[in-house]
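A short write-up of the structure that comes next.
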Amino acid sequence: MTTFKTVALFGANGQIGEAILDALVNCQKQQFDVLAFIPPESSPPSGADARNVTVHAIDIFDKDAVAPKLEGVDVVVSALNGKGLDAQIGIQDAAAEARVKRFYPSEYGMHQIYRKPNDPMGYVHPLWNQKALANEAAVRHPAVARGDMSYTLIGCGDFYNQTREPVWCPWTQKLDDDTKSYTFHFLGSSDERADYTHTDDFARYLVASLCAPELSENAELNFRSDFVSLQEIGQRLTAHSGKSVEFEKVTEEEKWKVVEDPSKAPKELQGGVFPVDFWFLVKGSQGDGKFWRPPGQIHNHLFPEVEVTTFDKYFKQMFGEEARR
């Protein structure tokens, strides 16, 4: 029976990486030894002082520097994004040289093809395309083809608890007493349900898959915390916060103007971490009822010990157990 003991986590001080590190450190089923890789001169992740965590602040694009650090590692987990994601193939090459048994590419999302009006072609946003290219390289790596390395790819819904994204996740902000309502911007219909995932749930799911190597071997898994519409989110937010929610619809015409030229986006929708045209495409997919996976493509049941944080539970944690009605 395969058992994974040592895990190398790349991007350990990022938003997703810190959640994964926390889940590894606090795993109740088994203890992992964790190598946390972060960029040089960056702040160590929360949890870096745990007894079973070793931090490596190195240039992840330097394969010769990475490879020796992976000797004796069982699993490499990538939580890289942005420019860092371009280092992933070199990291996997180094992992193969070190005889690492399992590789987790940085998927953690849901790709969408968007179709422009009166255009027979389908298009993919550069961020989705970057992830798709990285995934293709990971699962078709020569070490995987030879059977020397396995992979686990995990997709999920929209990460809904991103406090740094007040436009993307307006419900994460606590309003002052003088502000009476939240504003939800949406495209299409606010009644369409979509897949949403809490980052901590996702991290626990990933670690649960590490604890069951045979079940997660060479698998493409998908995990969600809630399947809910914006209207339902608004109702639950009002119940727990005591604040009303105003829905502001963005027109289809405005959507395509911004996709063609992001500088034309309204100021109130700019300033997030993600490109504003990406926001329009994701929210457009949600409003069109396309941002969810059918039941056969959801794999929560494989690891039933991972409890999900629904919006209702999230708001209870945020505002207190007793709802203000």
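Laid out as a table, the results:
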| quantity | calculated |
| --- | --- |
| Cut-off 17 Å (backbone N to label point 7 Å along Cα→Cβ of residue 129), residues of the stretch 79-97 | 82-83, 85-86 |
| Residue list for the stretch 171-201, given a label point 7 angstrom along the Cα-to-Cβ vector of residue 268 and an amide N cut-off under 12 Å | 181-186 |
| Built amide H within the under 5 Å cut-off of residue 194, gap 5+ | 228, 229 |
| Residue order, fewest to most beta carbons within 10 Å, for 6, 54, 309 | 54, 6, 309 |
| In sequence order, calculated HN-Hα J values of the stretch 30-38 (Karplus, 6.51, -1.76, 1.60; Hz; x Gly/Pro) | 7, 9, 10, 8, 10, 9, 9, 9, 9 |
| Unit charges on C-beta of K, R, D, E only; dipole of the chain, Debye | 300 debye |
| Under the Karplus curve 6.51 cos²θ - 1.76 cosθ + 1.60, θ = phi - 60°, whole-Hz ³J(HN,Hα) for the stretch 256-263, x wherever Gly or Pro sits | 6, 4, 6, 4, 6, 8, x, 5 |
| The stretch 183-232: equivalent-ellipsoid semi-axes (sqrt of 5 x gyration tensor eigenvalues, Cα, Å) | 31, 11, 7 |
| Contour excess over end-to-end distance, with Cα ends at residue 49 and residue 89 and 0.36 nm allotted per residue | 11.5 nm |
| Calculated FRET value between residue 99 and residue 193, using beta carbons and R₀ = 45 Å, to 0.05 | 0.55 |
| Ratio Rg/Rh, restricted to the stretch 194-294 and using Cα atoms, in which Rh is the Kirkwood radius | 1.06 |
| Alpha carbon Rg of the stretch 143-233, scaled by the compact-globule rule 2.2 N^0.38 Å | 1.46 |
| Gain on full stretching of the segment that runs from residue 31 to residue 288 - 0.36 nm per residue minus C-alpha separation | 88.2 nm |
| Spin-label pair residue 318/residue 227, simplified geometry with 7 Å Cα→Cβ offset, distance in nm | 2.3 nm |
| Degrees, to the nearest 10: 230-241 long Cα axis against longest axis of the chain | 90 degrees |
| The chain: angle of helix 126-139 to the longest principal axis, Cα-based, in degrees nearest 10 | 30 degrees |
| Sites residue 62 and residue 2, calculated FRET efficiency, Cβ-Cβ separation with R0 35 Å, nearest 0.05 | 0.70 |
| In degrees, nearest ten, helix 199-210 long axis to first principal axis of the chain (Cα) | 30 degrees |
| About the Cα centre, charge dipole magnitude for the stretch 206-325 (Lys/Arg +1, Asp/Glu -1 at Cβ), debye | 420 debye |
| Counting all C-alpha pairs of the chain, share separated by more than 30 Å (%) | 38 percent |
| Other-chain or far-sequence residues with amide H under 5 Å of residue 151's (modelled H) | 103, 218, 219 |
| Hz values of 3J(HN,Hα) by residue in the stretch 149-159 - Karplus curve (6.51, -1.76, 1.60), Gly and Pro given as x | 9, 9, 9, 9, 10, 10, x, 7, x, 5, 5 |
| Kirkwood hydrodynamic radius of the stretch 14-106, Cα pairs, Å | 13.5 Å |
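All of the numbers you see were taken from the coordinates with simple rules; none came from a lab. Remember, predicted model here, so these are calculated numbers, not experimental data. Backbone-built Cβ (ideal geometry, glycine too); neighbour counts: all protein chains shown.
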